[in-house]
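A short write-up of the structure that comes next.
The values are calculated or read from the model by the stated rules, or taken from the named source; none is laboratory data. Fair warning: this is a prediction, and the values are worked out from it, not measured in the lab. Cβ atoms come from the backbone with ideal geometry, glycine included; neighbour counts cover every protein chain shown. Just so you know, the surface numbers come from the protein's heavy atoms only, side chains and all, with ligands and any DNA or RNA stripped out. Shrake-Rupley method; radii C 1.70, N 1.55, O 1.52, S 1.80 Å.
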Amino acid sequence: MKARLNIAVTGLNAIDSPGPGVPVIRCLREAASFECRITGLSYETLEPGIYMHELVDKTYQIPYPSAGTEALYERLAYIQSREQLDLVIPNFDAELFSFILLEKRLLEMGIHSFLPTREQFEARHKFNLADFGETHGLLVPESKTLFHAGELIEAEETFDFPFVVKGKFYDAGIAYNREQALTYFNKISGKWGLPIIIQKYIKGTEFNVAGLGDGKGNRIAAVPMRKQYITDKGKAWGGIVVEDERLLDLTDRFIGETKWRGAFELELMQGEDQELYIMEINPRIPAWIYLTAGVGQNIPEALTRLAMGESVKPFPTYTGGKMFIRYSWDMIVDHSEFQEISIRGEL
Amino acid sequence: MKIKSNIAISDSGLLFNPGSGESYSVNPTGAEIIRMIRENKTDHEIRDYFLAHYQTDTSTFEKDFHDFVQLLKQQLILDLSDESTT
Amino acid sequence: MSTSDGIEKKRYERPVIRKLEGGVPGKFGARAAMTPLTHIDGLSVSGLIEQFGSPLFVISERSIRSTFRKAQAAFTTRYPRVQFAWSYKTNYLDAVCKIYHQEGSWAEVVSGFEYEKALRNGVPGKKIIFNGPDKTMDDLSLAIRNDSLIHIDHLDELYMLGGLAENLGIRPKVAIRVNMDTGVYPMWDRFGFNYENGQAWDALNKIMRSGKLELVGLHTHIGTFMLSPSAYAMAAYKLADLAIGLQQRYNHTVKYIDMGGGFASRNTLKGSYLPGQDVNPGFDDFAEAITSTLLNASFVNNELPLLILETGRALVDEAGYLLGTVIANKRTSQGKRTTIIDIGVNLLFTAFWYDHKISPAQSFTEYTEETTLYGPLCMNIDVIRDSANLPLLNKGDHLVIHHTGAYNLTQWMQFITLRPKVVLIDQEGKPHVIRDNEHMETLTGLEHTPAHLTSFEL
């Protein structure tokens, strides 16, 4: 008989800039090696996944990361007393830190997880990316961290226009001249604070790799994809699997060097010099993860098995010639359900 | 003062206004006041009830009651067309 | 309280109604984030206020000692020779200083006033570290005669010390303060001598060649509320490099390396998304960065210098509570809830840069309101929290502001009213007034009215 696992999943915001929760759940539902009950964890009351009862068995609201790990821990302890969870898969950047901090304590109450270490999580931060590249011999675009606007002028000596002006957490703009650079500097630092990162602008083709490392330096899964259609929010609305050994080699080097533990997404740019640059490393499952299940590498399933302590063999191949096209549809929901999650925090 | 007739309030303190589509959460004290307004109790009756059953004093309650009624008006939960009669 | 017919009256909570919006998280978790703090070290908050007044600063001796021991353990388990020196400017109430001295801390002072306070407290002169840019001739003479450790901030001081040494016929024990680039912003380069541009070596050469001063240590203090342990590793590396250079150039071994302070406490900086409690590094992180750098440095004969730490904020912040009372509830013209409390920014100076954690001191329900907390001063900048999701507080309710032990009791201002009492709760849970509230005479006693201004008619 197949094992039956109770798996908690966050990121149920399947909206136009979607969280990965719903696609992760679809992968888990299709897992060949186990059956599952899905417990949704939501922050807001209008996350569509809450109302998708064919995918999510029960949803609980959890406190925002800004409330602190103790608040999250207490809420999860309550949920655990009702649900007997086996595993949690957090899917938001902003919450990962809290789950990493709580990993051991959650395991003590029986909730497994399979996350990057705190060091891995911090090393790949945007403002640490240049050091990260240097330490691990990985190619990242040249960048510089600035603490005051005056440094922009010095930076012009090493960076040709256009270059990218990036915020500490979010926001970026491509500056074609000094005035634009200064405008972005002021705008972004006003919103997200200092420092500001300026980065060499690399023109080229963007590739993404969704992958899974076992924490010992082995690649368990990796599926490279090229975005075909991008929304005005920069999200892929369609993408195609690509078969390029160089992308897998780079992924192997990344995993081997960092001994990455857990799922990740590499955002890569192939420049006009044909070199592959790592633009960003997301320490979590991407929203297009269902494609990986569609081509024979069900990453959420493999991650679940790793988390439960099974040994998992690397996927040898994936199916080529497949693409994903995202769509959205409107559900009809009774208002009482919205009331229920709003007032009781459970549905 | 009248609560609009189509407004529903649940045991758990959820108030739904189908006219605007807005939902509200009301604490037990607030729910009790809304119930009493609905029963056409006067301001004085409501005040006396609270003074008799809760650990509060006249000035605190009157201030809070006034503040709460203002919010109900702002959110169009109280029927304003009825204003002239109160 | 009961009614005339004997029915128990219910606890009153003001009525609230709150619109439910898609983006608004429910009360779940918000409840866990906020629990009432009814007692501090076994004493009830309302009892303390009844006995000593509101507002009231409360300091927990138990917390001071346990935090200190944690910090000490973090360093001594990693490095053989460690000495803490209590940073007087962080909190120089005698009772507080003496707890640290009982725990074995030396004194670190930055003015003649603090120096005398340390002496009065019974700290031997040679266990007082004298920092800061403003040391007068008299201050320095006293410090030299007491054999104190003088940390030189600038060349003018260095020359002044040379002159005094000659006059007094004593060789003062000195260190230089070094500033440096440790990769953090802003770089504190206004104190001491710069490492990168050679100022530090220039000062060291002057000291070594003159022979009038005894160079015993090297000192740095890289910033305040530092969130990056790696900056300390960099600073330790640079000081170790100077120490090794002195061995090679002059065959001179410094006795200690003083890493200063600046460790972040558990407070949450304004604008920080995650709470300080979760993200700010702890003593183990700072200790690991500093000690592993020193242990790996190539000191001649592997003679490790004494490691001195002057951390203040991270040791005392958590031990301090500020207790207060709700004065009134209001609404702004936009309908936003505001609550006025009797704690102003004149007492809670740190409200300017932290989102202090605030706990009501009595039980409450899960209903909350987004509230702006104003202090009682007749001044627009008197804001304790711009926006906090707080339970429904009534006039007269008490609340507790956490993590207020550092800097507030040295930087507080007497403004339009008199400052309150400070109470220490000892390890047995007994309260002691360690600073009285001010009286009219406390202030008017300092004033002098010229004779022609004594009378008037209105």
>> Between 0 and 90 degrees, rounded to the nearest ten: what's the tilt of helix C:283-296 against the longest Cα principal axis of chain C?
In response: 10
> Rounded to the nearest whole Å², what accessible area per residue is found for chain C with the 1.4 Å probe?
Replying inline: 43
> Of the accessible area of the protein assembly as shown, with the probe set at 1.4 angstrom, what percent is carbon plus sulfur?
Replying inline: 50
> Which of these, A:330, A:131, A:273, has the largest mean-square fluctuation under a Gaussian network model of chain A (Cα springs below 10 Å)?
Replying inline: A:330
> How far is helix C:199-210 tilted, in degrees, relative to the longest principal axis of the Cα atoms in chain C, given as a value from 0 to 90 rounded to the nearest 10?
Replying inline: 50
> With the dipole of the protein assembly as shown worked out from charges on the C-beta (+1 for Lys and Arg, -1 for Asp and Glu) around the Cα centre, which of C:416, A:343, C:71 lies farthest toward the positive end?
Replying inline: C:71
>> Out of the GluC sites (Glu not before Pro) in the range B:1-73, which ones are loop residues according to DSSP with at most 12 other C-beta atoms within 10 Å?
In response: B:39
> How big is the charge dipole of the protein assembly as shown about its Cα centre, in debye rounded to the nearest 20, if each Lys and Arg gets +1 on its Cβ and each Asp and Glu gets -1 on its Cβ?
Replying inline: 1160
> Dipole of chain C (Lys/Arg Cβ +1, Asp/Glu Cβ -1, origin at the Cα centre): which of C:388, C:197, C:262 lies farthest to the positive side?
Replying inline: C:388
> On a 0 to 90 degree scale, rounded to 10, what angle separates helix C:155-168 from the longest Cα axis of chain C?
Replying inline: 60
>> What are the membrane-span-like helices in chain A by this rule: whole DSSP H runs, Cα extent along the axis at least 18 Å, mean Kyte-Doolittle hydropathy at least 0.0?
In response: A:93-108
> What is the local net charge at residue A:296, summed over the other residues whose Cβ is closer than 12 Å to its Cβ (Lys, Arg +1; Asp, Glu -1)?
Replying inline: -1
> What does the helix-only formula give at 222 nm for the protein assembly as shown: each DSSP H stretch with n ≥ 4 adding -39500 (n - 2.57), the total divided by the residues, and the result rounded to the nearest 500 deg cm²/dmol?
Replying inline: -9500 deg cm²/dmol
>> Can you give the local net charge around residue C:306? Use residues other than it whose beta-carbon is closer than 10 angstrom to its beta-carbon, Lys and Arg +1, Asp and Glu -1.
In response: +1
> Counting DSSP beta bridges in the protein assembly as shown, what percent are antiparallel, to the nearest 5?
Replying inline: 60
> Per residue of B:43-53, what is the mean number of Cβ atoms on other protein chains within 10 angstrom of that residue's Cβ?
Replying inline: 2
> Could you sort C:259, A:331 by accessible area so the largest value comes first, with the probe set to 1.4 Å?
Replying inline: A:331, C:259
> Amide H neighbours of residue C:194 under 5 Å, counting only residues 5+ apart in sequence or on other chains, H built in-plane at 1.01 Å?
Replying inline: C:179, C:199, C:200
> If you keep only loop residues by DSSP, which trypsin sites (Lys or Arg not before Pro) in the range C:289-397 have at most 11 other Cβ atoms within 10 Å of their Cβ?
Replying inline: none
> With the dipole of the range B:8-79 worked out from charges on the C-beta (+1 for Lys and Arg, -1 for Asp and Glu) around the Cα centre, which of B:14, B:34, B:49 lies farthest toward the positive end?
Replying inline: B:14
> Where nothing but the Cβ of Lys and Arg (+1) and of Asp and Glu (-1) is charged, how large is the charge dipole of the range A:204-347 around its Cα centre, in debye to the nearest 20?
Replying inline: 360
> To the nearest Å, what is the center-to-center distance of the range A:170-223 and the range C:99-130, using C-alpha atoms only?
Replying inline: 50
> Accessible area drop of at least 40 Å² (1.4 Å probe, protein heavy atoms): which residues of the range C:360-380 qualify, relative to the chain alone?
Replying inline: C:367
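Taking the Cα centre of chain A as origin, sum charge times position over the Cβ atoms of Lys and Arg (+1) and Asp and Glu (-1), and report the length of that vector in debye to the nearest 20.
Values: 37 positive and 49 negative charges, 127 e Å.
About 600 debye.
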> Residues of B:15-28, mean number of Cβ from any other protein chain within 10 Å of their own Cβ, rounded to a whole number?
Replying inline: 5
> For the protein assembly as shown, what does the alpha-carbon gyration tensor say about shape, rounded, prolate or oblate, given a ≥ b ≥ c as the root eigenvalues, a/c under 1.5 as rounded, and a/b over b/c as prolate?
Replying inline: oblate
>> Of the candidates B:41, B:63, B:73, which one comes out as most mobile in a Gaussian network treatment of chain B with C-alpha springs shorter than 10 Å?
In response: B:63
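Over both sides of the C-B contact, add up the buried accessible area with a 1.4 Å probe and give it to the nearest 100 Å².
Chain pair C/B: roughly 2300 Å² of buried accessible area.
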> Taking the range A:163-265, which trypsin sites (Lys or Arg not before Pro) meet the DSSP loop condition and have no more than 11 other C-beta atoms within 10 Å?
Replying inline: A:203, A:216, A:233
>> So if I take the centroid of the Cα atoms in the range C:361-399 and the same for the range A:67-103, what is the distance between those two points in Å?
In response: 29
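Using only protein heavy atoms and a 1.4 Å probe, how much accessible area in total is buried between C and A, to the nearest 100 Å²?
On the way: alone 21960 and 16360 Å², together 36400 Å².
The buried area between C and A, both sides summed, comes to about 1900 Å².
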> Taking a point 7 angstrom from the Cα of residue A:253 along the C-beta vector, which residues in the range A:113-135 have backbone N less than 13 Å away?
Replying inline: A:133-135
>> Considering only C-alpha atoms, what is the centroid distance from the range B:1-22 to the range A:294-347, in Å?
In response: 37
